[in-house]
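Notes follow once the structure below has been shown.
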Amino acid sequence: MALAGLILIIGWVIYIRATLRSLGVIGISLAIAFFATLFWMIIDWGIIPADNIQAVTYIIQTILCFIMATGMSWSHIRRRMSGQIDADDVDE
């Protein structure tokens, strides 16, 4: 169990570090603001009641997954939109 936990922590650190390097503090702040507004709208419109802890937990976890997935793939998205190549893409 300790080995599995250690492997998960290593994976999370790599994933979070890649997201921080890709999006930066400003990008992550903008993504959090976007998804927080979307979350607020879902609660305000009454789609999910605010007192439903399980649904709120799932939504927050999904938002974190979207932010991290965007951070992991942002380099590819930016390259497709602008044509600029990152310094890490030297072999291409």
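Checking the structure you have, find out if any residue of the stretch 19-29 is at pLDDT 95 or above and β-branched (Val, Ile, Thr). So that I can check it myself, show each step before the final result.
From the stretch 19-29, those at pLDDT 95 or above are none; that's our starting set.
Scanning the stretch 19-29, I find no residue that is at pLDDT 95 or above and β-branched (Val, Ile, Thr), so the answer is no.
It is to be established whether one or more residues within the stretch 43-50 are of a type outside the set (Gly, Ala, Ser) and assigned to a helix (DSSP H, G or I). It would help to see each step written out before you state the result.
Taking the stretch 43-50 and keeping what is of a type outside the set (Gly, Ala, Ser), we get 43-45, 47-49.
Narrowing the set further to residues that are assigned to a helix (DSSP H, G or I) leaves 43-44.
Checking the stretch 43-50: at least one residue is of a type outside the set (Gly, Ala, Ser) and assigned to a helix (DSSP H, G or I).
Which residues, counting only those in the stretch 10-49, are more than 30 Å from ARG79 (Cβ to Cβ) and not aromatic (Phe, Trp, Tyr)?
Within the stretch 10-49, the first condition is being more than 30 Å from ARG79 (Cβ to Cβ), and the residues that meet it are 40-49.
If the condition is that a residue be more than 30 Å from ARG79 (Cβ to Cβ) and not aromatic (Phe, Trp, Tyr), then MET41, ILE42, ILE43, ASP44, GLY46, ILE47, ILE48, PRO49 are the ones that fit.
With ASP44, ASP89, ASP51 as the choices, which residue is modelled with pLDDT under 90, of a type outside the set (A, V, I, L, M, F, W, C) and more than 18 Å from the chain's Cα centre (by Cα)? Steps first, please.
Working: ASP44 fails: modelled with pLDDT under 90; ASP51 fails: modelled with pLDDT under 90.
One residue alone meets the criteria, ASP89.
Out of the residues in the stretch 54-86 meeting the condition of being among the small types (Gly, Ala, Ser) and assigned to a helix (DSSP H, G or I), tell me which one is modelled with the lowest pLDDT. Spell out the reasoning first.
Here is the first cut: in the stretch 54-86, the ones among the small types (Gly, Ala, Ser) are 55, 69, 71, 73, 75, 82-83.
With the extra rule that they be assigned to a helix (DSSP H, G or I), the set shrinks to 55, 69, 71, 73, 75, 82.
Values: ALA55: 91, ALA69: 88, GLY71: 84, SER73: 83, SER75: 73, SER82: 78.
Per the stated criteria, the residue is SER75.
Filter the stretch 68-83 down to residues that are surrounded by fewer than 18 Cβ atoms within 10 Å (Cβ to Cβ), hydrophobic (A, V, I, L, M, F, W, C) and either touching a residue at least 40 places away in the same chain (Cβ under 8 Å) or farther than 18 Å from PHE39 by Cβ (or both), then give me how many there are.
Qualifying residue count, the stretch 68-83: 3.
Test GLY24 against the criterion of being among the small types (Gly, Ala, Ser) and more than 15 Å from the chain's Cα centre (by Cα), and give yes or no.
Numbers: among the small types (Gly, Ala, Ser): yes; more than 15 Å from the chain's Cα centre (by Cα): no.
Judged against the criteria, GLY24 is not a match.
Answer yes if at least one residue in the stretch 45-56 is of a type in the set (Phe, Trp, Tyr), surrounded by 11 or more Cβ atoms within 10 Å (Cβ to Cβ) and without any contact (Cβ under 8 Å) to a residue 60 or more places away in the chain, and no otherwise.
At the first step, the residues of the stretch 45-56 found to be of a type in the set (Phe, Trp, Tyr) are 45.
Filter once more, so that each one left must be surrounded by 11 or more Cβ atoms within 10 Å (Cβ to Cβ): none.
Within the stretch 45-56, none of the residues are of a type in the set (Phe, Trp, Tyr), surrounded by 11 or more Cβ atoms within 10 Å (Cβ to Cβ) and without any contact (Cβ under 8 Å) to a residue 60 or more places away in the chain.
The values are calculated or read from the model by the stated rules, or taken from the named source; none is laboratory data. Treat the numbers as computed from the prediction; the structure is a model and nothing was measured. Here the Cβ is made from the backbone with ideal geometry for all residues, glycine too, and neighbour counts use every protein chain on show.
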